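Read the structure below first, then the notes.
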Amino acid sequence: MQQPIEAETAPGTRAEGCGGPERLLLEAARRAGRSPQGRMALVLHLSRLAAPGPRPHHRRIARAILDDTALRHDGQVFALGNGDMVLLCAMAAQGQAPAARPLYGLALSDPAAVSATMAALLRVDLPNPADVATVWRLQESLAAFTAYAAERVAESGLALAPPEPPAAGPAEPTVVVGAIAAIAEGPANNDFMQRQLGVLVPYHSAAAAGLPLLPLYRELSFSIAALEARLAAPGQAAADPFLFRHLAGRLDPRMLALLADAAGTGGALDIAAGPRAAPPHINLTLPAILSDGFARLAARCRRCGVAAGIEVTLVEACGDAAAFARARGVLADAGLKLVLDGVSYLALLLAQPGTLRPDLLKLNWSPRLPDLPAEERFELAAALERIGPDRVVLHHAETEAALRWGMAQGLRRFQGRHVDAILAAGRILACPQATGCTVRQCMDRGAAIAPPCAA
Amino acid sequence: MSNLAPRALSEEAQEQRADAERLRTLARGCVTAGIARRALLLRLSRLPEELKRPHHLRLARSALDPLTFADRARLFRLPNEDVAVVWRGEAAEALRTSLDAVLHLFADAGERAPEPAALLFTLGLPEDAGTLLQAIEESLPIGDDDANKATPAGAAPTEPLDPPALAALEGALAQADVARFMRRRQIAERLPEGGFRLLWEKRALSVAEIAATLTPDRAIRADPWLFRRLTRTLDRRMLALLAAPQELRDAGPFGLNLNVASILSPEFLRFDAALPTALRGQVVIDLLLADVMADPAAFVFARDFARGRGYLLLLRGVTSDLLDAFPLRRIGLDLLQLRFSPELARVDATLPDADHIVLSRADTGTALAWGRAHGIMLYQGLAAVPTGPRAALAA
């Protein structure tokens, strides 16, 4: 990487002149058409990355590699408004000597090899290498390249209007997290509490056919989305994983206090009040589990015969193995279940979290799961088999595809918005007062927790 | 108004200040006259409050007794409870006994105790006089000439970092000159014929010293997650330092602690561009387990990018409890760092990939013996002092 890296430019910004990068690209394509011999165009389709991609680091590293290649091969890079990046440069000469310095696999001595390099780097986000880049040799494919550039210009037509004044950027994440913690620590914080059921799909049942789902547990938590909404800062609390862990630590004492206050009220936060078949699950940090407040909660669970589940995130367990071991001991002594939360499929491919001996492991659903490359698919299936499908919950099951994929893997435990919708639909069918209710309204009511002591 | 009245210094405090002056005079004298002395600096002020009770301090000072019998030995107590012993000539046996005794004192404190390399400094005068003089300056209360501003010597910060304080500290760090806080540690390979040879030098900013300078009233490690966030800012400053012209001109293989996000930052790209060709493949990047698991997708991207650029990657933060859960080969990294501790010493099982393990805190013969018994070749700590010539890293 020989050039100094410029300040980051988000897609769609007009850093490359008032005509916009699309028009500049089209102009460059026309110029290249006058002498296309020995030149090539490479389009890096970052626009194809599913949300949350392309992330800033995707753009940054891709730009650095393309800039470096452009420098070596008389080239130019265009960052387009749709997120794609285009490298227009000379092709490697036949029999060209390798670059002077070792490049360790980035293969920048041949611009055409950039697509393979980027495909390797982006394989998590864009598993099919053919989707990552398109390479055109201009001598043969000038028309296709020019058509691509023209399409981008057409797409960006709206963007050619006078640029809007820059909106105020998002608040500093530290400020947002501090403010959210302050709200949660303030009065009326039970307004932000929510619950969600985890369910078991019985054998020979099909959720889509409306057959009953058996409640397994009810997770009680602060609604981070509601707290963010109060500050008009959607998605900000969890944007930084470390700040989010700090926030979780700040919320836990309030959670324990709310549960203590609700004891004996019979309300939604009274751990002894819900159905026995769906004991409470509470997500806590390790310091909270090792606190006196938790000891009081555990004692109450024991007195009431409630087999609560305590959810600990994998990141939290990795952050302090000694505290995790102590917390596991505390839960075992109290007869409570340890639930390992926040396990992504990548974490299952990189590690063996099942060896942390959780009673239950919550695997986060990802839309990428059905399309994993064969090797990863087999490896993931083996990982689930080692843990035992009966100890795995597919979490964030927001779509029917999630349930379908989970059941195909032999999983029967699910939690997420799609499960909520099925349950809500069932309630509406059975409820004589549901006339006019929508599924969405019924889902929201099911998640809400009324203030236990409302006057 | 009594709280504003100048407080009379206790006899003990007066003696400590006098000791600081004496040590300053001695260190300067060694420099101006070229007198050779050896010194051991024990920075007890860096201990957390719970390990700094009077009996801890007393025992730690007693641990230095063997050294006080060395030729021309003098012991100095500084106002912040740091202690220095200065002597003439070799006193290897006494030094080892003292070091072992100090480390034994805090062996059970685990993470609460600072790393030995931040606690114990063996110095040679006159060449290391700067370190000694710096410690003396730091031992004196700020505004020493104004009793109204004086703070109790050695008072440890107790207020935890919170998001606003973190934001302020990140802002201050962006402007601060952090070059003087750069510290180095050696990672050495055990040789079959005995002894060690240097493989690489770990470069790191001394977080404790930076915090003591920029935010002395805050306990910056009290909230581990805010501390982790702070390390990203430190990463950026470190990378900027290393990318400065000439900084790496004569450098040998070295290592860095970095966060995943830092590998994907503009500062890393600048550093990578400035890395001399001879050092390509000779840099080890240490990643922390919790950081890796916080964003596995970014980790995989950063891992493949960094390996593509020739960096070796080391995983740290894995304890004996987590060894089964995070196999090195599965996570796709080159090296694993294990910190020696009483818990690790109880591990009797065969270690997978022992030849890819770095045993840190190898400060005692016990640690070395445990490492040897488990087939470990790479060490960092006071007991693994390299003597042989530096080796190149095998990429």
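Quick one: in the range B:78-108, which of the residues that are part of a loop (DSSP other than H, G, I, E, B) and not charged (D, E, K, R) is nearest to A:Ala322 (Cα to Cα)? My answer is B:Phe106. For the range B:355-386, what are the residues that are assigned to a loop (DSSP other than H, G, I, E, B) and either over 21 Å from the mean Cα position of the chain (by Cα) or without any contact (Cβ under 8 Å) to a residue 60 or more places away in the chain (or both)? Hits for the range B:355-386 are B:Ala362, B:His374, B:Gly375, B:Ile376, B:Met377, B:Ala383.
Yes or no, residue by residue, for (1) loosely packed, with under 13 Cβ neighbours inside 10 Å; (2) within 14 Å of another protein chain (Cβ to nearest Cβ); (3) not in a loop (DSSP other than H, G, I, E, B):
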| site | (1), (2), (3) |
| --- | --- |
| A:Leu346 | no, yes, yes |
| A:Arg377 | no, no, yes |
| A:Leu384 | no, no, yes |
| A:Leu394 | no, no, yes |
| A:Ala397 | no, no, no |
| A:Leu403 | no, no, yes |
| A:Leu429 | yes, no, yes |
| A:Gly446 | no, no, yes |
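Scan the range A:307-317 and give yes if some residue there is within 14 Å of chain B (Cβ to nearest Cβ), buried (at least 18 other Cβ atoms within 10 Å of the Cβ) and without any contact (Cβ under 8 Å) to a residue 24 or more places away in the chain, otherwise no. For the range A:307-317, residues within 14 Å of chain B (Cβ to nearest Cβ), buried (at least 18 other Cβ atoms within 10 Å of the Cβ) and without any contact (Cβ under 8 Å) to a residue 24 or more places away in the chain: absent. Total residues in the range B:192-210 satisfying the condition of being at pLDDT 85 or above and in contact with a helix residue (DSSP H, G or I) (Cβ under 8 Å, 6 or more places away or on another chain): the figure is 6.
For A:Pro358, the criteria (1) within 12 Å of chain B (Cβ to nearest Cβ); (2) part of a strand (DSSP E or B) hold in every case but one, which is (2). Once the range A:279-332 is narrowed to residues that are β-branched (Val, Ile, Thr) and part of a helix (DSSP H, G or I), the residue that is farthest from A:Leu258 (Cα to Cα) is A:Val315. Here is the figure for the range B:266-315: residues that are closer than 21 Å to B:Leu205 by Cβ, facing chain A (nearest Cβ under 8 Å) and at pLDDT below 95 total 4. Looking at the range A:408-415, can you tell me whether even one residue there is farther than 17 Å from A:Leu200 by Cα, modelled with pLDDT of 95 or more and touching a helix residue (DSSP H, G or I) at 6+ places or on another chain (Cβ under 6 Å)? No: zero hits.
Among the criteria (1) assigned to a helix (DSSP H, G or I); (2) within 14 Å of chain B (Cβ to nearest Cβ), the one A:Pro370 does not fulfil is (2).
Against the test of being at pLDDT below 80 and either in a helix (DSSP H, G or I) or crowded, with 18+ Cβ neighbours inside 10 Å (or both), the options B:Glu111, B:Glu170, B:Glu189 yield a single qualifying residue, B:Glu111. Among the residues examined, B:Arg236 does not qualify as surrounded by 19 or more Cβ atoms within 10 Å (Cβ to Cβ) and touching a residue at least 60 places away in the same chain (Cβ under 8 Å). Note on the range A:155-206: residues that are exposed (fewer than 10 other Cβ atoms within 10 Å of the Cβ) and modelled with pLDDT under 70 amount to 11. Counting the residues of the range B:316-326 that are part of a loop (DSSP other than H, G, I, E, B), more than 7 Å from every other protein chain (Cβ to nearest Cβ) and either over 20 Å from the mean Cα position of the chain (by Cα) or modelled with pLDDT under 90 (or both) gives 1. Annotation note: of B:Ala179, B:Ala168, B:Ala188, the sole residue that is of a type outside the set (Phe, Trp, Tyr) and either within 14 Å of another protein chain (Cβ to nearest Cβ) or without any contact (Cβ under 8 Å) to a residue 12 or more places away in the chain (or both) is B:Ala168.
All conditions but one from (1) closer than 23 Å to A:Val124 by Cα; (2) facing another protein chain (nearest Cβ under 10 Å) apply to A:Ala321; the one that does not is (1). Of the residues making up the range A:240-272, those that are away from chain B (no Cβ under 11 Å) and not in a helix (DSSP H, G or I) are A:Ala263, A:Gly264, A:Thr265, A:Gly266, A:Gly267, A:Ala268, A:Leu269, A:Asp270, A:Ile271, A:Ala272. Of all residues in the range B:327-346, those satisfying the criterion of being not acidic (Asp, Glu) and not in a helix (DSSP H, G or I) are B:Pro327, B:Gly332, B:Leu333, B:Leu335, B:Leu336, B:Gln337, B:Leu338, B:Arg339, B:Phe340, B:Ser341, B:Arg346. Taking the criterion of being under 22 Å from the mean Cα position of the chain (by Cα) and hydrophobic (A, V, I, L, M, F, W, C), the residues of the range B:327-344 that qualify are B:Leu335, B:Leu336, B:Leu338, B:Phe340, B:Leu344. Applying a threshold of 8 Å to beta carbon distances and a minimum spacing of six or more residues, or different chains, the list of pairs starting in the range A:281-300 at a residue that is in the same structural domain as A:Gly335 (by TED's automatic domain parsing) and ending at one that is among the polar types (S, T, N, Q) reads A:Ile282/A:Ser221; A:Asn283/A:Ser221; A:Asn283/A:Thr313. Scanning the range A:41-83 for residues that are at the interface with chain B (Cβ under 10 Å from one of its Cβ atoms) and among the basic types (Lys, Arg) turns up A:Arg55, A:Arg60, A:Arg63.
When A:Ala332 is tested against (1) modelled with pLDDT of 95 or more; (2) surrounded by 19 or more Cβ atoms within 10 Å (Cβ to Cβ), just one condition goes unmet, and that condition is (2). Within the range A:43-82, the residues that satisfy the criterion of being outside any loop (DSSP other than H, G, I, E, B), more than 17 Å from B:Ser265 (Cβ to Cβ) and under 29 Å from the mean Cα position of the chain (by Cα) are A:Val43, A:Leu44, A:Leu46, A:Ser47, A:Arg48, A:Leu66, A:Phe78, A:Ala79. Taking residues in the range B:125-141 that are farther than 15 Å from B:Arg17 by Cα, and partners anywhere that are assigned to a helix (DSSP H, G or I) and among the β-branched types (Val, Ile, Thr), the pairs with Cβ atoms closer than 6 Å and at least 6 places apart or on different chains are B:Pro126/B:Val31; B:Ala129/B:Val31. Being in the same structural domain as A:Leu336 (by TED's automatic domain parsing), more than 23 Å from the chain's Cα centre (by Cα) and farther than 17 Å from A:Arg300 by Cα is the requirement here; does A:Ala273 meet it? Taking the combined requirement at face value, the residue does not satisfy it.
Here B:Pro157 meets each of (1) in a helix (DSSP H, G or I); (2) modelled with pLDDT under 85; (3) surrounded by 15 or more Cβ atoms within 10 Å (Cβ to Cβ) with one exception, condition (1).
The values are calculated or read from the model by the stated rules, or taken from the named source; none is laboratory data. No experiment lies behind these values; they were computed from the predicted model shown. We place every Cβ from the backbone using ideal geometry, glycine too, and count neighbours over all the protein chains shown.
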